[in-house]
Amino acid sequence: MRKHFLISSLLVLVLGLILSGCAGNETNTKKEKIDTKEVQQMSAYIGTDACITCHSETGQGFAMTSHAGIFKSLDQYNTDFKQMVNVWDGATKENPATKAINLEDTYGVMMDSYVVGNIDGFSQELYRVASLEKSEQGYELVAASLKDYNSDGIQDWSAKAYSCAECHSPGLVAQGLGIKNLEPGISCETCHGPGSIHAQTKRKEAISINQNACITCHTLGQPSETEDGSSLIAENHYGTRNWFASDHYTSGYVNCLSCHTSHEVNKEGSMLKGDNFTENCASCHKDENFDIEEIMWKNPTDLHDHVTRDHSFGAIPYEKIGDNPETKEVEITDPKIIKKLKSLIK
Ligand code: HEC
Ligand code: HEC
Ligand code: HEC
Ligand code: HEC
Ligand code: HEC
Ligand code: HEC
């Protein structure tokens, strides 16, 4: 996964020298134009520690966000990972492979819960090797799941295929130069792209700022159709349910970063502009008074407890969707709302 190409590294160095040469040359009034995409393709990852040597304030803000703590290294836990366990490949149905591994060799822990690693010889790239469970003493190590693989009457440790990386530990699946410098979780270069040439040249065009960076993980929240087409099921997990249906989105004037920060937290520790909900809305809606529980309702039927507030800002009120909490996670059965939603999905 983590390949290193010597030739391309040299290219990066040469290009970096040329660009820094241009930037420093006073007689050269016109700076060499930089195509951000092209330069980033030649850039290597340098890691958060390198970025914050120049951007220390941003680094401090970022460290407070839940993004920064999403995937932690083993040494941040008071748990003894030095343990040999015999794990079975839970991603394979027939004749699963088995291997003795030291849990100390895993990559780290997602959301204080999933211990993630790679197991040589197993069928997938990444595995949830074990779980952490909070106890009074701290965190305890337990199996990701148990199953009697060799029919000897004893429950064996199962390593389950890990599919959450793209959003919860993007550094583990990213590819490119200098990949060994990239942290496994969310880091500066997750959103800004590799920054070696930017760091060498200090040229702002060498690093990307993408206002759409948020929705690669926090998807627009479009519901999917049930098999018989009679109702819709709302996506429960990614945080921005029904955002695509809001006047904010359709007006084209408001995006995630109108209300949220990219690397700062407010007094309540959340990535919201303003100290709270009321202050946030008042920055644009001076004379209106909104009730957060009504206009940003919480999902009452979330199977996985990934509680997210509705982001349609009144366009899809909970009472109107026809949800039956007994049958499904948020399901939309009201024909009028279905028609409205379908007309809005692009
Ligand atoms: C050697 C110091 C240095 C390092 C290291 C550095 N930067 Fe910068 N960065 C700067 C300077 C100086 C600017 C302002 C450039 C300007 O305004 O022309 C800047 C600007 C930026 C911008 C704003 C770009 C824009 O379009 O306005 C971003 C984003 C950024 N840096 C991200 C990063 C990231 C991510 C890293 C690590 C991969 C990093 N920087 C490492 C010095 C540095
Ligand atoms: C979750 C995505 C994300 C991560 C992680 C992230 N940034 Fe940013 N950053 C942005 C976005 C989006 C902007 C555009 C500014 C805005 O509108 O808030 C930005 C803006 C910047 C700027 C321009 C000045 C400013 O603050 O507006 C700098 C410098 C910067 N980031 C550096 C960093 C560094 C250093 C890190 C790591 C410590 C980092 N960023 C991590 C998304 C991110
Ligand atoms: C690589 C995937 C990824 C990207 C890109 C990303 N996020 Fe997140 N974000 C997450 C995940 C996963 C969580 C859940 C973290 C948790 O609960 O500990 C989260 C949590 C949040 C939260 C809730 C927690 C809090 O601190 O308030 C907000 C708000 C948020 N993100 C906003 C943003 C914004 C704004 C951007 C774009 C600048 C962005 N995210 C980009 C994955 C991402
Ligand atoms: C497409 C991106 C994406 C994928 C894939 C993904 N998640 Fe998430 N996850 C998110 C985002 C974004 C949030 C933040 C939502 C919020 O705070 O509203 C989140 C939140 C969570 C939370 C709740 C955090 C909290 O504080 O309430 C848990 C638990 C979680 N994810 C587990 C998982 C697991 C387990 C997997 C893999 C089976 C997974 N996620 C796959 C994007 C993703
Ligand atoms: C009009 C303002 C506004 C816009 C635009 C907005 N949000 Fe939010 N968002 C909020 C408020 C208010 C909360 C309530 C949580 C809080 O108090 O921190 C919130 C909460 C969240 C949360 C935390 C989990 C939850 O549901 O409570 C995530 C994640 C999130 N927003 C992501 C996004 C993303 C991604 C976008 C862009 C697609 C976005 N938001 C656009 C105002 C906004
Ligand atoms: C960056 C400015 C901005 C912020 C912050 C903001 N809004 Fe809006 N809001 C707008 C714009 C622009 C529209 C669209 C107006 C139009 O298209 O007529 C809008 C429309 C709305 C609407 C639908 C029409 C109406 O006025 O009743 C609601 C409801 C709404 N916003 C609620 C909120 C809530 C709740 C918050 C705080 C979480 C918030 N807004 C924060 C700019 C903002």
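What follows draws every value from the coordinates through simple rules; no lab data is involved. In this text the structure is predicted, and so the values were computed from the model without any measurement. When we count neighbours, we look across all protein chains shown, and the Cβ atoms used for this are built from the backbone with ideal geometry, even at glycine.
Identify the residues of the range 100-137 with backbone N under 16 Å of a label point that sits 7 angstrom from the Cα of residue 154 along the Cα-to-Cβ direction, or state none.
Residues 100-101 fall inside that zone.
Using alpha carbon centroids, what distance separates the range 162-201 and the range 215-238, in Å?
28
With no solvent and one equal point scatterer placed on each C-alpha of the range 91-134, evaluate the Debye formula and give log10 I(q)/I(0) for q = 0.22 Å⁻¹, two decimals.
-0.76
Take the eigenvalues of the Cα gyration tensor for the chain, scale each by 5, and report the square roots as semi-axes in whole Å, largest first.
For the chain, the ellipsoid semi-axes come out as 36, 35, 19 Å.
Residue by residue, what Karplus-based ³J(HN,Hα) values in Hz, rounded to whole numbers, does the range 84-92 have, using 6.51, -1.76 and 1.60 with θ = phi - 60° and x for Gly and Pro?
Coupling constants for the range 84-92: 8, 10, 9, 10, 10, 6, x, 8, 10 Hz.
Once label points are set 7 Å from the Cα along Cα→Cβ at both residue 75 and residue 35, what is their separation, rounded to one decimal in nm?
According to this spin-label approximation, the distance is 4.2 nm.
With unit charges on the beta carbons (Lys and Arg positive, Asp and Glu negative) and the dipole taken about the Cα centre of the chain, which residue among 110, 36, 97 sits farthest to the positive side?
Result: 36.
Using 7 Å Cα-to-Cβ label points, what is the residue 225/residue 333 separation (nm, one decimal)?
Computed distance between label sites residue 225 and residue 333 equals 2.0 nm.
Suppose a student asked you for the relative contact order of the chain, using Cα pairs under 8 Å spaced at least 6 residues apart; what percent would you report?
Once normalised by length, the contact order is 16 percent.
Could you tell me which of 188, 63, 87 has its Cα farthest along the dipole of the chain towards the positive end, charges placed at Cβ (Lys, Arg +1; Asp, Glu -1), taken about the Cα centre?
My answer, from the dipole projection, is 188.
Got a sec to turn the phi values of the range 266-274 into Karplus ³J(HN,Hα) couplings, 6.51 cos²θ - 1.76 cosθ + 1.60 with θ = phi - 60°, whole Hz, x for Gly and Pro?
Each residue's phi maps through the Karplus curve to give 8, 4, 8, x, 10, 7, 10, 6, x Hz.
At 0.36 nm per residue, minus the direct Cα-Cα distance, what do residue 86 and residue 268 gain on full extension? Give it in nm, one decimal, please.
The span from residue 86 to residue 268 would gain 61.2 nm if fully extended.
So, in nm, how far is label residue 275 from label residue 216 when the simple model puts each one 7 Å beyond its Cα toward the Cβ?
My value for the distance between the label points is 3.5 nm.
Is the C-alpha gyration tensor of the range 157-299 telling us rounded, prolate or oblate? Criteria: a/c under 1.5 is rounded; beyond that, a/b larger than b/c is prolate, otherwise oblate.
Verdict is oblate for the range 157-299.
For the range 211-346, give the magnitude of the charge dipole about the Cα centre (Cβ charges: +1 Lys/Arg, -1 Asp/Glu; no others), in debye to the nearest 20. Write down the numbers at each step before the final one.
Values: 13 positive and 23 negative charges, 114 e Å.
It works out to roughly 540 debye.
Over the range 72-167, what relative contact order in percent results from Cα pairs under 8 Å that are six or more residues apart?
About 26 percent, as a whole number.
If I take R0 = 22 Å and measure r between the Cβ atoms of residue 260 and residue 345 in this structure, what FRET efficiency does the formula 1/(1 + (r/R0)^6) give, to the nearest 0.05?
0.45
Dipole magnitude of the chain about its Cα centre, charges +1 at Lys/Arg Cβ and -1 at Asp/Glu Cβ only, in debye to the nearest 20?
So the magnitude is around 1480 debye.
Roughly how big is the range 49-201's charge dipole about its Cα centre, with Cβ charges of +1 (Lys, Arg) and -1 (Asp, Glu), in debye to the nearest 20? Kindly include the intermediate steps, with their values, before the conclusion.
Details: 9 positive and 20 negative charges, 47 e Å.
Charge dipole, the range 49-201, about its Cα centre: 220 debye, nearest 20.
Looking at the range 72-167, I'd like the Rg to Rh ratio, where Rg is from alpha-carbon atoms and Rh is Kirkwood's inverse mean 1/r.
Rg divided by Rh gives 0.96.
Take the cross-link list 160/267; 298/340; 37/273 and give me the ones stretching past 27 Å between alpha-carbons.
Cα-Cα > 27 Å for 160/267; 37/273; rest within.
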